[in-house]
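Student: Quick one: this structure, given as structure tokens, is what I'll be asking you about.
The values are calculated or read from the model by the stated rules, or taken from the named source; none is laboratory data. Please read these numbers as outputs of a predicted model, since none were measured by experiment. Here the Cβ positions follow ideal geometry from the backbone for every residue, glycine too, while neighbour counts run over all protein chains shown. The area values use the complete protein model at the heavy-atom level, side chains included, leaving out ligands, DNA and RNA. Shrake-Rupley method; radii C 1.70, N 1.55, O 1.52, S 1.80 Å.
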Amino acid sequence: MRNLLALPVVSAALFFTVPVYSMEVSADAIRTIQEYNGNARIVFKLAEKFQITSEKTTKINGMTVFSGNVVVTFKGTTLKTDSITVKKQADGTSLLEAKKISLERADSFIE
């Protein structure tokens, strides 16, 4: 009787097991990607250098709007977005604002 009860328990355990996959990953570089949604803001200090590329640039009321495949690069970090607004602040800093920003950083390089 005891063996008959063990059979359904073992069968249920086998039915609900999760497959385990083994894989090996190799790459020349490892990157971390973070995504910021909703009123994403970045402030660059006066001495910080950054570069922006985009398909279109428009100046509106003292602001510069970059749109279409926008890429902001600085210190090994890459920001990507559809559109970003750049405002020069009174203290000389640059305020970048976007609805959504993906930040990609090169963490380490494998040699």
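Student: Of all the accessible heavy-atom surface of the range 31-111, with the other protein chains kept in place and a 1.4 Å probe, what percent is carbon and sulfur?
Tutor: 50
Student: Once each part is reduced to its C-alpha centroid, what is the distance from the range 76-91 to the range 24-60 in angstrom?
Tutor: 8
Student: Simple spin-label model, 7 Å along Cα-to-Cβ: K59 to T32 in nm?
Tutor: 3.8
Student: Order the peptides 52-62, 93-103 from the highest to the lowest mean number of other Cβ atoms within 10 Å of their residues.
Tutor: Details: 52-62: 11.2, 93-103: 17.2.
Ranked from most to least packed, the peptides come out as 93-103, 52-62.
Student: Same structure again: Give me a comma-separated list of calculated 3J(HN,Hα) values for the range 55-72, in order, Karplus coefficients 6.51, -1.76, 1.60 applied at θ = phi - 60°, integers in Hz, x for any Gly or Pro.
Tutor: 7, 9, 10, 9, 9, 9, 6, x, 10, 10, 10, 9, 9, x, 6, 6, 10, 10
Student: If you put +1 on each Lys and Arg Cβ and -1 on each Asp and Glu Cβ, how big is the dipole of the range 51-111 around its Cα centre, in Debye rounded to 20?
Tutor: 280
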